[in-house]
Amino acid sequence: MKLLNKVPRSIAVAALVLSVSLPALAQNVKFFSWYGTETETYTGQLIEKAKKMGVTLDVEPVVWDQMQPLLQARIAAGTMPDLLDFKGQDIATYAPAGTLLDLTGQAWLKNIPDGARANLKVDGKEYAVPYTAAFQGVFYNRKIFEKFGIKAPSTYAELMAAAAALKAKGVTPFATHFKDNWNIGNITMQFAMAEVFNENPKWGDELYANKTSFEGTDGYRRVFQHVKDLADNSWKDTFSVDFTEASKRFVKGEAAMFVTGTWVNSNLTIDPTFDYGVFPFPGAKAGAKLIFEPNHTWAVSAKTANKAAALKVLEMVATDKQLAATVVDEAGAYSLINGVKSDKKPRPVDKDIDAAKATNNIIDVSIGNNQIKWAYQEEYSKLIAEWLLGKRTLDDALKGATAVRTSVTRAK
Amino acid sequence: MKRISSLTRRQKRSLTLMALPGLLIYVLGMLIPIAIGFAFSLTDWSGISDSWNFVGFDNYGQLLKDERFYSAMSFTMIFAFANTILQNVIALGLAMLLNQKIRGTTMARTVVFAPCLISAIIVGIIWSQLFGSIFPDIMKTFGVTDISVSLLSKPGTVMSGLLIINNWQWAGYWMLIYLAALQAVPPEVYEAAYIDGAGPFRRFFRITIPLIAPAITVNIVSIVLGSFQVYELIVTATGGGPGNSSESFIMYVYNVAFARQQPGLASANSMTYVVLLFVIAVVQLKILRKREVQI
């Protein structure tokens, strides 16, 4: 009877001990992951490694197109995730609004090169861990170039001469996919880096200060014209073509060049025999640089209730080379963590990228993206599309692009 | 039926209690969100910061100066108008055709109805592939290269493309409502008219239309309101493009809220839209109810 009396008491004591210790044993971190939709192996490894550190990672995979509205809805509802994986260009939007944790001084940040972190600082403070890079430029079919004796152009005039030569041989010079408005936005910023931001790195700030305009900047007039030149030298049905279709056609040799970024790698390497390279999009003068973009970028919510756990995961991400190598292999990405090497065979385009890095012939597109944020680029891309389709004149499109500054506000 | 004033106090209390749950849902689900939306429309909130400023009716002034407000509104109104006419005509035509007692009508009704069960997102993806690559490839196979069927890739034809898709998806749904209404019309009425010498057109316009008027009211109001809210189809079929040529009003509000990060302005747009839709619904009901006939 005495033994039976002891049993309920011991159960109660055990329950009390467990209720206090269990939460401390496994901390829950909500993770909003753009990678979650591209890399199952990487995400699985990430969850396992976090578990071993006593952190339960609750991953919510998000498709890139839905990232911004979902994140903003969460912020508005007060349910912002603890850990985020978004783009480098988003730091300039979210950090000034006070939504991101200041990471300045964290020792493990030194695992990422200063050059990759420099343009993501806001008022001298660091809020981001840039994890992977994308490189942008003119991807080209090496076989077609060799067949017709074409060398990588170093000026815009040479590029157009190459396009004309290809057209004369019955080869479509450029792959484009203008059904996706973002294609126009992406290539426009690529051209602007060579034609505008190379000459004036503060052009965007001057635009918002009413000191300049799209229609008053010759560089941007040339930029818009470049988009038209690409459209004129691409498929007639480009406004019906999406990214996947364009990649497919490019691999099949239905175009010789593709102005895009290394996110196309996973589409192009489906055919292991497809040999392709990349060169910087040339400007009027020689000396254009290959565009580098901090792509997947991690951050922590400023209001997280799980700060220690989230920082633990972030430290692991910034230091675990094996994990970083997994994402290189699975997503066709380029790691920004020092010393990460992939065991897989290099992609055909890697030698051109390595050569550009070795000679410091790269430029960070964050310079442009931080000043003219993506929402702005999407708006003027629609105006460019309307111009290409004959609904506006070039001057209308340029003036309309200037007017967008009143509707796309800068971070407060 | 007793008038409310002649009910006892107890009966009135019972009726009030019975209506309370519905009223609560209406207040919580409709009135309070509208009030909150209106409150946000008077601020400059960015959607991601903790603070905002009261700006009065500035957002309402700003929306009236936005060219995109007018283009999105104009697109949506034309879409709603054309869709309402087309869908009603097609649905009624199909209902009359499939109201015959002949073999295969049940299967035909199922086939016509089935598309409305597919998500608008999937419908948009399917049709953008059909118009973008499948139909052109088929035509190329038959040697037809000078006619373009890529309706969704040009500003001049994108409206037609979207109307085809939307009618393909929803005509079968409204057909069922017309079918039920047609089957409720007593056959003796048609027999009497036939005996009196009324021809098929006269029977249709003098008997069928007045007697199925309640169904016409329901369909017209529903199609108009549904067309004004078109969004998912456009997201996957065209993304609002080419350019802004197929940006519906809801898509415009969404872009203002999340792409431009101006939820205050987006709320002002939404409030304006709510008022507009309310007025349209009330006007429609007043006009259409007058034409209803009951035997």
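The values are calculated or read from the model by the stated rules, or taken from the named source; none is laboratory data. Owing to the predicted nature of the structure, the values given are computational and were not obtained by experimental measurement. Quick reminder, even Gly has a Cβ in these numbers, built from the backbone with ideal geometry, and neighbours come from all protein chains shown. Accessible surface is based on the protein model in full, side chains and every heavy atom, while ligands, DNA and RNA are left aside. Shrake-Rupley method; radii C 1.70, N 1.55, O 1.52, S 1.80 Å.
General remarks:
- Scanning the stretch B:233-256 for residues that are in contact with a Gly (Cβ under 7 Å, 6 or more places away or on another chain) and under 30 Å from B:T43 (Cβ atoms) yields a total of 4.
- Complete set of residues in the stretch A:172-194 that are open to solvent by 10 Å² or more (accessible area, probe 1.4 Å) and either at pLDDT below 95 or more than 19 Å from A:G253 (Cα to Cα) (or both): A:K179, A:D180, A:N181, A:W182, A:N186, A:A194
- Helices (runs of 4 or more DSSP H) wholly inside the stretch A:319-411 containing at least 2 residues that are of a type outside the set (S, T, N, Q) and within 14 Å of another protein chain (Cβ to nearest Cβ): A:374-388, A:394-403
- Just one of (1) without any contact (Cβ under 8 Å) to a residue 12 or more places away in the chain; (2) open to solvent by 40 Å² or more (accessible area, probe 1.4 Å) fails for A:D350. It is (2).
- When A:L83, A:L100 are screened for being touching a strand residue (DSSP E or B) at 6+ places or on another chain (Cβ under 8 Å), within 14 Å of another protein chain (Cβ to nearest Cβ) and either surrounded by 13 or more Cβ atoms within 10 Å (Cβ to Cβ) or farther than 26 Å from A:V340 by Cβ (or both), only A:L100 passes.
- Within the stretch B:184-217, being farther than 15 Å from B:N88 by Cβ, of a type in the set (F, W, Y) and open to solvent by less than 80 Å² (accessible area, probe 1.4 Å) holds for one residue alone: B:Y190.
- Breaking point among (1) within 27 Å of the chain's Cα centre (by Cα); (2) more than 22 Å from B:V274 (Cα to Cα), for B:R10: (1)
- No other residue among A:A107, A:A50, A:A128 is more than 16 Å from A:S33 (Cβ to Cβ) and either of a type in the set (G, A, S) or within 14 Å of another protein chain (Cβ to nearest Cβ) (or both) apart from A:A107.
- The lone criterion from (1) among the hydrophobic types (A, V, I, L, M, F, W, C); (2) open to solvent by 40 Å² or more (accessible area, probe 1.4 Å); (3) in contact with a helix residue (DSSP H, G or I) (Cβ under 9 Å, 6 or more places away or on another chain); (4) within 14 Å of chain A (Cβ to nearest Cβ) left unmet by B:L63 is number (2).
- Residues in the stretch A:248-266 that are touching a residue at least 24 places away in the same chain (Cβ under 8 Å) and open to solvent by less than 50 Å² (accessible area, probe 1.4 Å): 13 in all.
- Taking the stretch B:120-129 as the range and being more than 10 Å from chain A (Cβ to nearest Cβ) and closer than 18 Å to A:T238 by Cβ as the test, no residue passes.
- Test: residue in the stretch B:149-163 that is more than 14 Å from chain A (Cβ to nearest Cβ) and open to solvent by less than 40 Å² (accessible area, probe 1.4 Å): yes
- Failed item, numbered, when B:F258 is tested on (1) within 14 Å of chain A (Cβ to nearest Cβ); (2) open to solvent by less than 50 Å² (accessible area, probe 1.4 Å); (3) more than 23 Å from the chain's Cα centre (by Cα); (4) not polar (S, T, N, Q): (2)
- Only listed residue being within 14 Å of chain A (Cβ to nearest Cβ) and either out of contact with any Asp or Glu (no Cβ under 7 Å at 6 or more places or on another chain) or open to solvent by less than 40 Å² (accessible area, probe 1.4 Å) (or both), chosen from B:A72, B:A108, B:A95, B:A82: B:A72
- Of all residues in the stretch A:229-245, those that are over 20 Å from A:G170 (Cα atoms) and away from chain B (no Cβ under 11 Å) total 1.
- Test: residue in the stretch A:227-242 that is at pLDDT 95 or above and surrounded by fewer than 16 Cβ atoms within 10 Å (Cβ to Cβ): yes
- Test for A:G88: is it out of contact with any Lys or Arg (no Cβ under 6 Å at 6 or more places or on another chain) and at positive phi: no
- Checked against the criterion of being open to solvent by 20 Å² or more (accessible area, probe 1.4 Å), at positive phi and among the small types (G, A, S), the stretch A:279-298 contains one or more residues that satisfy it.
- Selection count where residues are surrounded by fewer than 19 Cβ atoms within 10 Å (Cβ to Cβ) and farther than 16 Å from A:R222 by Cα, scope the stretch A:379-404: 4
- For the residues B:I118, B:I102, the requirement of being at pLDDT below 95, among the β-branched types (V, I, T) and open to solvent by 30 Å² or more (accessible area, probe 1.4 Å) singles out B:I102.
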